[in-house]
Amino acid sequence: WIWVTKLVADGTNWVTYHDWIMWALNAKGLLEHLTSDTIIAASMVDGLTPEARWKKDEAMVKQLVASLVPDMVFSQIKAGLKAKEVWDQLRALYEGRSKLILVNL
C-alpha cells in the first residue's frame, strides 16, 4: 500500500487526510468504491468475476479507511455495509468540522 496519514480525532487534518486517501485509492484503481456502490462491469480479472473482485476490493477499501481513523470514529462508521457508506459517514462527521476550523483560524 501507499503511506497515508491517519485522521486525527478532532478533524484538524481532514482535508489532508481526504486528499491522501483519494490519491492512494486512485493509484490502486479502487477510487470508484468511494464514489459508487455499483459494481463496475468488467471481464474476469485474476480468475475473479466482476462481482467477486468488487467484493474483495470493497473489503480492502473499508479496511484502509478503518485503519486510518481513531477508534472512537471507527465505532461511529463501522455499521456501513459498503465502502461508500463508510466513506459518506466519515465525510459527514468531518466536512462540517473542517469548515469550522477554517473559520476559527
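Taken over the range 1-31, the criterion of being among the aromatic types (F, W, Y) and in contact (Cβ under 8 Å) with a residue 40 or more places away in the chain is satisfied by W1, W14, Y17. Restricting to the range 1-47, what's the tally of residues that are of a type outside the set (D, E, K, R) and part of a helix (DSSP H, G or I)? Matching residues across the range 1-47 total 16.
Filtered by the rule that a residue be more than 14 Å from G29 (Cα to Cα) and open to solvent by less than 50 Å² (accessible area, probe 1.4 Å), the range 51-60 gives a lone residue, A52.
What are the pairs with Cβ atoms under 9 angstrom where one residue, in the range 60-86, is closer than 14 Å to G11 by Cα and the other, located anywhere, is basic (K, R) and open to solvent by 30 Å² or more (accessible area, probe 1.4 Å)? Sequence gap at least six, or different chains. As it stands, the answer is L68/K6; V69/K6; P70/K6, since those pairs meet every condition given. Before we move on, is A79 open to solvent by 40 Å² or more (accessible area, probe 1.4 Å) and closer than 22 Å to W23 by Cα? So A79 fails the test.
Would you pick out the residues in the range 7-50 that are at positive phi and either in contact with a Leu (Cβ under 9 Å, 6 or more places away or on another chain) or crowded, with 16+ Cβ neighbours inside 10 Å (or both)? Spell out the reasoning first.
Applying the first criterion (at positive phi) to the range 7-50 yields 11, 29, 46-47.
Listed by number, the list holds a single entry, G11.
The values are calculated or read from the model by the stated rules, or taken from the named source; none is laboratory data. All values derive from a computational prediction rather than experimental measurement. Don't worry about glycine lacking a Cβ; one is built from the backbone with ideal geometry, like all the others, and counts go over all protein chains shown. Heavy atoms of the whole protein, side chains included, go into the accessibility calculation; ligands, DNA and RNA do not. Shrake-Rupley method; radii C 1.70, N 1.55, O 1.52, S 1.80 Å.
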